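Written out below as structure tokens is the structure these notes cover.
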Amino acid sequence: MRRQLAFCGTVLLLATACGAPPSTSSVASTIQCSDAAAPHHAYVVVQHLLGAWMESCVGFTSPTVDGQTLMDRSGIEYQSEPVASGKVVCQVDREPAHFDQCFPQGRPYWALFVGSRSGWSSANGGYTEVVLSDGEALGWHYVAADDAHPAPPPMPRRLGS
């Protein structure tokens, strides 16, 4: 019995000493990219209400990629609803956990940004109307309902940078 306890204690000590250090970043240390070998890449950056953020990269061969295709190929979960001018996003990366409508009065919402190497700008229109070129990004930030001038999410870490 003592040998078993000593053995288990040694295994526990080694597992603790040799284990990976806890992550201090809110994103993975490597960039996940679908079709990474493609000549062009666009990014999706999602920042949650409490500040955690994530990003995804999508490779493409045409000169541009539209926002719908980028979101669909990013691997990031999202829910949208059709409106007269296209689609609106109700949920991204399972935030909010539940929703009955996309823009309930007095509740947080997803602000949309378009990013280039020079920085972020507010999107003109919905994500289905956005067209991105190589190196550009679609940014989502879940913000409080009373945030009239939401800040954009962090800029993506680009492949090869």
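Data for the structure
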quantity	calculated
Computed magnitude of the charge dipole of the range 28-143 (debye, nearest 20; Cβ of K, R +1, Cβ of D, E -1)	180
DSSP bridge pairs, the range 28-143: antiparallel proportion in percent, nearest 5	80
Amide hydrogen neighbours beyond the local backbone of LEU138, cut-off 5 Å, H modeled	TYR43, VAL44, VAL45, GLY115
Isotropic mean projected area of the C-alpha convex hull, the range 23-161 (nm²)	8.7
Interchain or long-range residues, amide H under 5 Å from SER80's placed H	CYS90
Peptides 141-151, 45-55, 73-83 ordered by average Cβ neighbours within 10 Å, highest first	45-55, 73-83, 141-151
Farthest positive-ward along the range 28-143 dipole, Cα basis, beta-carbon charges - from GLY135, SER34, SER116	SER116
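Read-outs throughout are calculated quantities, based only on the coordinates presented, and are distinct from any laboratory measurement. Computed from a prediction, not measured in an experiment: that's the story for all the values here. Quick reminder, even Gly has a Cβ in these numbers, built from the backbone with ideal geometry, and neighbours come from all protein chains shown.
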